[in-house]
1. Can you go through 176, 148, 170, 217 and tell me which one is of a type in the set (Gly, Ala, Ser) and within 16 Å of the ligand (Cβ to nearest atom)?
2. How many residues are open to solvent by 10 Å² or more (accessible area, probe 1.4 Å) and part of a loop (DSSP other than H, G, I, E, B) when one looks only at the range 52-72?
3. Any residue in the range 103-121 that is open to solvent by less than 80 Å² (accessible area, probe 1.4 Å), within 16 Å of the ligand (Cβ to nearest atom) and either closer than 27 Å to residue 201 by Cα or free of Cβ contacts under 8 Å to residues at least 12 places away in the same chain (or both)?
4. May I ask you to list the residues in the range 161-177 that are among the aliphatic types (A, V, I, L, M) and surrounded by fewer than 16 Cβ atoms within 10 Å (Cβ to Cβ)?
5. Mind checking which residues of the range 1-51 are touching a helix residue (DSSP H, G or I) at 6+ places or on another chain (Cβ under 6 Å), assigned to a loop (DSSP other than H, G, I, E, B) and open to solvent by 30 Å² or more (accessible area, probe 1.4 Å)?
6. Looking at the range 81-97, which of its residues are among the hydrophobic types (A, V, I, L, M, F, W, C) and either open to solvent by 60 Å² or more (accessible area, probe 1.4 Å) or not in a loop (DSSP other than H, G, I, E, B) (or both)?
7. Assess whether residue 100 counts as being under 25 Å from residue 87 (Cβ atoms) and open to solvent by less than 70 Å² (accessible area, probe 1.4 Å).
8. Residue 213: outside any loop (DSSP other than H, G, I, E, B), at pLDDT below 95 and out of contact with any Lys or Arg (no Cβ under 8 Å at 6 or more places or on another chain), yes or no?
Amino acid sequence: MSITENLKIVRERIADAAVRAGKDSENITLIAVTKTVDASVIKEAISAGVTDIGENYVQDALHKFTDIGHDVKWHMIGHLQTNKVKQVIPVFDLIQSVDSTSLANEIGKRSIAAGRTTRVLVEINISGEESKNGVEPDKALELCGQIAGIHGLELSGMMGIAPFTDDVSAIRKSFALLRRLWEKLPEENSRWLSMGMTSDFEIAIEEGSNMVRIGTAIFGARPARNR
Ligand SMILES: *Cc1c(COP(=O)(O)O)cnc(C)c1O
């Protein structure tokens, strides 16, 4: 199936889930996750109406950015190393994977130097698994409080990845946990609740997500090592 057809199906599924959540799907942002997808395919997706893309790897994103530029909004959804922050500040509209004050401080500092304010989400580890990415839920609000006070960035919500399991109730529980944390943020810091991927975005929307990050359902399966 074509990207256009895949997008149509994804949008219909988002709309149906939004109805179940008592929401307007207009208020749910779809991010097309383009890791492993070439610039030419991204352009095809933009022609089909994609407005936001998510990238995981800095080098790939910088390479594609030279070709695509700001025709689309760029979201950093992968782990970001402090020493790469400077390069990515001009590219990303939203950095979703902030999980430490040191990373946030660097983003703030580099943003000020570039004369901008960078929007960020704090990534929370809701998987219940050991992970090098994301702050633990019991430390999330404290970290958000610290990050909200840093100049040069704007805390705009939270992001999380559910556990990789077929157990729907475990997935739902992890999304519900993220939503409860997110609801405790001050209003001005809680624009986005980024949760839901190809295998679980409908559950995420039912649990309150307003930003879903979808790759496989739009572009097809990735090579195994890039999952
Ligand atoms: C790859 C990735 C996605 C998209 O995953 P799919 O299962 O292909 O939809 C979403 N979020 C993050 C953080 C990712 O790394």
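The values are calculated or read from the model by the stated rules, or taken from the named source; none is laboratory data. Note that the structure is predicted; figures quoted are calculated from it, not measured. Glycine gets a Cβ as well: all are built from the backbone with ideal geometry, and neighbour counts include every protein chain shown. Each accessible area value is taken on the protein alone, full model and side chains, heavy atoms only, with ligands, DNA and RNA left out. Shrake-Rupley method; radii C 1.70, N 1.55, O 1.52, S 1.80 Å.
1. On the way: 176 fails: within 16 Å of the ligand (Cβ to nearest atom); 148 fails: within 16 Å of the ligand (Cβ to nearest atom); 170 fails: within 16 Å of the ligand (Cβ to nearest atom).
Answer to the selection: 217.
2. Residues meeting the conditions: 2.
3. yes
4. Taking the range 161-177 and keeping what is among the aliphatic types (A, V, I, L, M), we get 161-162, 168, 170-171, 176-177.
Within the range 161-177, 168, 170, 176 meet the criteria.
5. Matches in the range 1-51: 21, 36.
6. Hits for the range 81-97 are 85, 88, 94, 95.
7. On the way: under 25 Å from residue 87 (Cβ atoms): yes; open to solvent by less than 70 Å² (accessible area, probe 1.4 Å): yes.
Spelling it out, residue 100 is indeed under 25 Å from residue 87 (Cβ atoms) and open to solvent by less than 70 Å² (accessible area, probe 1.4 Å).
8. Judged against the criteria, residue 213 is not a match.
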